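Engineer: Sharing a structure below in C-alpha cells format, with a few things to ask.
The values are calculated or read from the model by the stated rules, or taken from the named source; none is laboratory data. Treat the numbers as computed from the prediction; the structure is a model and nothing was measured. Neighbour counts are summed over all protein chains in view; Cβ atoms, including those assigned to glycine, are modelled from backbone coordinates with ideal geometry.
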Amino acid sequence: MRAIIVDDEIKNRRTLQMMCDEYCNDIAIIGEAASVDEAKEVIDELKPDLVFLDIQMPMKNGFFLLEHYGTNQLPFDVIFTTAHDQYAVKAFKFSASDYLMKPIDIDDLITSVEKVRSKKQKQKSQNKESIFWSNIFSKEIKKIALPTSEGFLFIPFASIVYCKAEGNYTQFITIDKGNILITKTLKHYETILENQDFVRVHKSYLVNLHHVRKFIRGKKGMVEMSDDTTFEVSPMKKEILLQQLALL
C-alpha cells in the first residue's frame with residue numbers, strides 16, 4: 001500500500017517512517033506533509049491508499065483535511081496518530097481505520113496496518129466478484145449485476161435511463177426500479193457499460209443512448225432523456241455523443 005504521513009513535527013514523521021520501513025513490509029511511504037494545506041497537495045498529486053494523520057497541528061487540525069474530501073467518501077484510508085485521546089470518538093465518526101496514540105507502539109502499528117490491508121483485500125475481492133457477474137450477464141442476458149447488502153440486483157440495460165455520479169457512489173436511474181444507489185464510482189460502471197450503448201456525456205452523467213430523446217444545440221449543449229431529465233453535455237463529449245447517436 002502507498003502511504004503518506006501528515007504530521008507537523010519532523011521527528012514524528014521520521015520515526016513513523018522508520019517503523020513502517022522495518023516492521024510493515026506491505027507499506028511504502030511515498031510522501032509526507034507538515035500541514036493540512038500541504039497534505040491536500042500531496043494527496044492530490046500522489047493519490048495514496050493510506051494516510052497516517054496527526055490531529056493537533058498549527059492553523060488547521062487533521063479533521064479539516066477529511067472534511068475537504070468528504071467524511072463518508074474518502075479516497076484513502078486513515079490511521080490517526082496523535083498524543084490526544086479525547087478525539088477518538090470523533091475520529092471514528094470520520095470512518096478512520098484506527099487511532100494510534102503517541103508514542104506509537106510497534107505491535108499496535110502492525111495491527112492497524114493489517115486491519116487496513118484486510119479491508120482493502122475484501123474490497124478488491126468484492127470488486128472482482130461484481131465485475132465477474134456484470135460481465136457474465138452483460139454478455140449472455142443483457143443485464144448488469146448491481147451489488148447490494150443482500151447480494152446482487154440484476155437490471156436490464158434497457159431499463160437504465162442514465163447513471164449519475166454521487167461522489168464515490170453511482171445513482172442508477174431506471175424506468176421500473178426507481179433510483180438505485182451503488183457504492184462504486186461512475187468510472188467503474190463506465191468501463192462495464194461503454195460497449196452497451198452508454199456514453200459518458202459529462203463528468204457526472206453516463207447516459208443510455210436509447211433513452212436520449214433530444215439533443216439541444218447551443219453554447220452549452222443539453223441532452224433531454226426519456227424521463228424528462230435535462231442536463232448539460234460537456235463540450236469535449238458533444239461530438240462523441242452525436243456520432244454514437246447517429247450509429248443507432
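Engineer: State whether one or more residues within region 64-71 are of a type in the set (Phe, Trp, Tyr), modelled with pLDDT under 90 and on the phi < 0 side of the Ramachandran plot.
Structural biologist: The answer is yes, given that some residue of region 64-71 is of a type in the set (Phe, Trp, Tyr), modelled with pLDDT under 90 and on the phi < 0 side of the Ramachandran plot.
Engineer: Taking region 165-223, which residues are among the basic types (Lys, Arg) and in contact with a helix residue (DSSP H, G or I) (Cβ under 6 Å, 6 or more places away or on another chain)?
Structural biologist: Hit for region 165-223 is Arg200, nothing else.
Engineer: Here's a check for you: in region 209-248, which residue that is among the basic types (Lys, Arg) and surrounded by 15 or more Cβ atoms within 10 Å (Cβ to Cβ) is farthest from Glu166 (Cα to Cα)?
Structural biologist: Among residues in region 209-248 that are among the basic types (Lys, Arg) and surrounded by 15 or more Cβ atoms within 10 Å (Cβ to Cβ), the one farthest from Glu166 (Cα to Cα) is Lys238.
Engineer: Since Trp133 meets every condition but one in (1) touching a Pro at 6+ places or on another chain (Cβ under 8 Å); (2) modelled with pLDDT under 85, which condition does it not meet?
Structural biologist: Going through the list (1) touching a Pro at 6+ places or on another chain (Cβ under 8 Å); (2) modelled with pLDDT under 85, Trp133 breaks only (1).
Engineer: Hey, could you check region 20-55 for residues that are surrounded by 13 or more Cβ atoms within 10 Å (Cβ to Cβ) and in a loop (DSSP other than H, G, I, E, B) and say which is modelled with the lowest pLDDT?
Structural biologist: Ile55
Engineer: Separate question: Test Leu206 against the criterion of being in contact with an Asp or Glu (Cβ under 8 Å, 6 or more places away or on another chain), surrounded by 15 or more Cβ atoms within 10 Å (Cβ to Cβ), closer than 24 Å to Lys184 by Cβ and of a type in the set (A, V, I, L, M, F, W, C), and give yes or no.
Structural biologist: Taking the combined requirement at face value, the residue satisfies it.
Engineer: Among the residues of region 183-195, count how many are outside any helix (DSSP H, G or I) and within 20 Å of Tyr69 (Cβ to Cβ).
Structural biologist: Residues in region 183-195 being outside any helix (DSSP H, G or I) and within 20 Å of Tyr69 (Cβ to Cβ): 3 in total.
Engineer: Evaluate the following for Gln171: is it within 18 Å of the chain's Cα centre (by Cα) and not β-branched (Val, Ile, Thr)?
Structural biologist: In short, yes.
Engineer: Return the residue satisfying two criteria in turn: it lies in region 144-182 and is under 22 Å from Arg213 (Cβ atoms) and of a type in the set (Gly, Ala, Ser), and of such residues it is surrounded by the fewest Cβ atoms within 10 Å (Cβ to Cβ).
Structural biologist: Among those that are under 22 Å from Arg213 (Cβ atoms) and of a type in the set (Gly, Ala, Ser), it is Gly178.
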